[in-house]
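Asker: Mind having a look at this structure? Questions to follow.
The values are calculated or read from the model by the stated rules, or taken from the named source; none is laboratory data. Predicted model only: the values in this text are computed from it and were never measured. As a convention, Cβ positions derive from the backbone with ideal geometry for all residues, glycine included, and neighbour counts pool all protein chains shown. Accessible surface is based on the protein model in full, side chains and every heavy atom, while ligands, DNA and RNA are left aside. Shrake-Rupley method; radii C 1.70, N 1.55, O 1.52, S 1.80 Å.
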Amino acid sequence: SINMGRGTRKRDEDSGTEVGEGTDEWTQSKAAVRPPDQLELTDAELKEEFTRILTANNPHAPQNIVRYSFKEGTYKLIGFVNQLAVHFSQVGNLIPKDSDEGRRQHYRDELVAVSYQGSQESAKVVISDTENLEEDEEPKELEAEAGSQTDVPAAGAAEKVTEELITPVQPKERMLTNKFNFSERASQTFNNRLRDRECQMEPPPRTNFSATANQWEIYDAYIEELEKQEKTKEKEKTKTPVAKKTGKMAMRKLTSMESQSDDITKVSQAAKIVERMVNQNTYDDIAQDFKYYEDAADEYRDQEGTLLPLWKFQNDKAKRLAVTALCWNPKYRDLFAVGHGSYDFMKQSRGMLLLYSMKNPSFPEYIFSSDSGIMCLDMHVDHPYLVVVGHYDGNVAIYNLKKPHSQPSFRSSAKSGKHTEPVWQVKWQKDDMDQNLNFFSVSSDGRIVSWTLVKSELVHTDVIKLKVEVSTTEVSEGLQLHTMGCGTTFDFHKEIDYMFLVGTEEGKIYKCSKSYSSQFLDTYDAHNMAVDAVSWNPYHTKVFMSCSSDWTVKIWDHTIKTPMFIYDLNSAVGDVAWAPYSSTVFAAVTTDGKAHVFDLAINKYEAICNQPVVAKKKNKITHVQFNPIHPIIIVGDDRGHVTCLKLSPNLRKMPKEKKGQEVQKGPAVEIAKLDKLLNLVREVKTKT
């Protein structure tokens, strides 16, 4: 203890001296040591800042590398230069812990560690046994003298020790955790209670059906099938080779489907009903608007109305084809036909005839395709399943909806006197004396042709040929030429069967008769551009309306050569249509995408509704039609879409009920209403 005290004292003395020396050094003033090559600068120069901008561009990268272009045959400068400069790179030999090789190495290291631990433990056991033996020599000698009974348990203990040393301990393989992909999240949420929804319905009707198949019934079925095949072979023999080629594909389909035909016809009707039910659920809000919605704002505006968009009809097959014709079915008021083609003579392709029902806006009821574009169509009043169409190539054709094949039932040809120019309008007429179907067509070739269906063939008769009147004063008699007029539209009088109007590309309207083929009953200098549509008033027998690409709509009295009313709509007018419920209401559509509805009884000077009805401005509206009974119109555009719109109450105003008086309705009231307006104009014209 004394020595230890001396040692500690010496260390304290030494440390005390060291601390004292250190404090003296810090208190001494430090002198700055300058390197010999340091520049001597003034304070201003020291304060001056030098900015250096680091960029990703390599200043040592070459900028004028050229390479030979085999395509152009010259050396061309390469604009892209690699700016990357690599300062150091080394290939590593690290192995991921999660990989097979990493696990193998880890397992090997554990085995080595376990064997090392086992050797150490065995060494300890041997050392402890020898010590025990040295200490316990005397008792063991005494035990040996006492007897041999104690030798047996000692030998057993030695065997156990040797067994523990020999058997190696199997290490447990530990899963390696990814230390870089560790996340711990905890949240408590409330589970929503499950709700049961139940509905009660009547069970569907059930019937038990049982039948036995005998050997002769199976034989009869095979015989019927063989007879069918023989009949089809006989039909093929009688056919011409051209008809065989066209009918081959159809026959293949028929033969493959013959056995299932009965089932398919049964299912198709049910599938159609289910499809309509699904669509009614899908478009339920539109169906409710169609049936019940009335614009309440019309009560607060006297001379304005609106159009409510309802369904939009479109089909992928007619996506890039314009709507060239619209017509409602005279029997089924929810069914209408749409003709698809193109008004651009540079982009003529195929045509489509689609028939839609308002009960199923998602898909057409009937689809017919044609090689040439359909420019017009009309549906027969007495036979609503017959649709006549006019094509761009001058042909006319009749489709029968009872036989929904892709080809028309009847079609004109070059032999049967087809038009040489596009057919712009077709109209069914009353059957002739022999009860044959009869319709008229007008074309740009100047011919108005009457077509009669005689013994399943179309027979044509030229009714009139349009001729442009040229003044003979300038042209000598020998050089006189008869130029043909280009007919674009026509309409037949509602009461006088023989009288009809024809509009031309020259802007003139001719009043013609079926009886006179050489001359016109009257000529009207109507428009400065092509006449797009002519339509007689459904109530007043003297009044008709015309529209043109010169932006105007004109209302005429056919006994007067000047128009009664002129309306400028600031854009080319594609189509006009009279309303079926009023003699003074009509609608017009223009190429700027707007629909205009007029009611002369409310406003004689301008439309009471001007509304855009297409999404895009470039989308042109081509046609418009009123539904015969419902307060809706359909408009078609040049993108192939047909939109259904509902008229607000102001656009279909009926006469108000007065106290003590019954509201007079009927054609006579409508005629008197329009006559009252026309008389005002006639008085002004007579005065002038």
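Asker: Go ahead and run the numbers for FRET between residue 50 and residue 630, Cβ-Cβ distance against an R0 of 56 Å, rounding to 0.05.
Answerer: After rounding, the FRET efficiency stands at 0.05.
Asker: So, one more: Give me the Debye-computed log₁₀ of I(q)/I(0) at q = 0.18, 0.23 Å⁻¹ for the stretch 298-343, equal point scatterers on Cα only, no solvent, two decimals.
Answerer: Reported log10 I(q)/I(0), two decimals: -0.76, -0.92.
Asker: Within the stretch 68-102, list the trypsin sites (Lys or Arg not before Pro) lying in a DSSP loop whose Cβ has at most 11 other Cβ atoms in a 10 Å radius.
Answerer: Answer in residue order: 71.
Asker: Would you mind estimating how fast the stretch 371-460 diffuses translationally, via Stokes-Einstein at 10 °C and 1.306 mPa s with the Kirkwood radius over Cα pairs, in µm²/s?
Answerer: This corresponds to a translational diffusion coefficient of 123 µm²/s.
Asker: Relative to the present Cα-Cα distance, how much length would full extension add between residue 603 and residue 317 at 0.36 nm per residue of separation?
Answerer: Extra length from residue 603 to residue 317 when fully extended: 98.7 nm.
Asker: How large, in percent, is the carbon and sulfur part of the accessible surface of the stretch 341-429 at a probe radius of 1.4 Å?
Answerer: Percent of accessible area from carbon and sulfur atoms in the stretch 341-429: 52.
Asker: Once amide H atoms are placed 1.01 Å from N in the peptide plane, what residues at a sequence separation of 5 or more from residue 327, or on another chain, have their amide H within under 5 Å of its amide H?
Answerer: 337
Asker: If you look for lysine pairs in the stretch 280-383 that are eight or more places apart or on different chains, how many of them have Cα atoms under 17 Å apart?
Answerer: 6
Asker: May I pose another question? Enter the accessible area of residue 328 (Å², nearest 10), with the probe set to 1.4 Å and all protein chains included.
Answerer: 20 Å²
Asker: Counting other C-beta atoms within 10 Å, and keeping those with at most 16, which DSSP coil chymotrypsin sites (Phe, Trp or Tyr not before Pro) do you find in the stretch 77-113?
Answerer: Within the stretch 77-113, the qualifying chymotrypsin sites (Phe, Trp or Tyr not before Pro) (loop, at most 16 other Cβ atoms within 10 Å) are 80, 88.
Asker: State the Cα centre-to-centre distance between the stretch 295-332 and the stretch 541-586 in whole Å.
Answerer: After rounding, the separation between the Cα centres reads 20 Å.
Asker: If you take the beta carbon distance between residue 528 and residue 457 as r and set R0 to 56 Å, what does 1/(1 + (r/R0)^6) give as a FRET efficiency, to the nearest 0.05?
Answerer: 0.85
Asker: Suppose every K and R has +1 on its Cβ and every D and E has -1 on its Cβ; what is the size of the dipole of the stretch 531-587 about the Cα centre, in Debye to the nearest 20?
Answerer: 220 debye
Asker: Still on this model: Which distance in nm do the two modelled labels at residue 273 and residue 99 give, with both placed 7 Å along the Cα-to-Cβ direction?
Answerer: Spacing of the two 7 Å Cα→Cβ label points: 7.0 nm.
Asker: Longer than 29 Å from Cα to Cα, which of 427/561; 653/676; 402/455; 514/653 are they? Say none if no pair is.
Answerer: Over 29 Å Cα-Cα: 514/653.
Asker: Given the Cα-Cα distance of residue 232 and residue 38 and 0.36 nm per residue of separation, how much length would full extension add, in nm?
Answerer: 58.4 nm
Asker: Based on the Cβ-Cβ distance of residue 200 and residue 665, what FRET efficiency does E = 1/(1 + (r/R0)^6) give at R0 = 60 Å, to the nearest 0.05?
Answerer: My answer for the efficiency is 0.80.
Asker: State the extension gain, in nm to one decimal, for the chain segment bounded by residue 111 and residue 78, taking 0.36 nm per residue of separation less the distance between their alpha-carbons.
Answerer: 5.8 nm
Asker: Under unit Cβ charges (Lys, Arg +1; Asp, Glu -1), what dipole magnitude, rounded to 20 debye, does the stretch 317-408 have relative to its Cα centre?
Answerer: Taking the Cα centre of the stretch 317-408 as origin, the dipole is about 300 debye.
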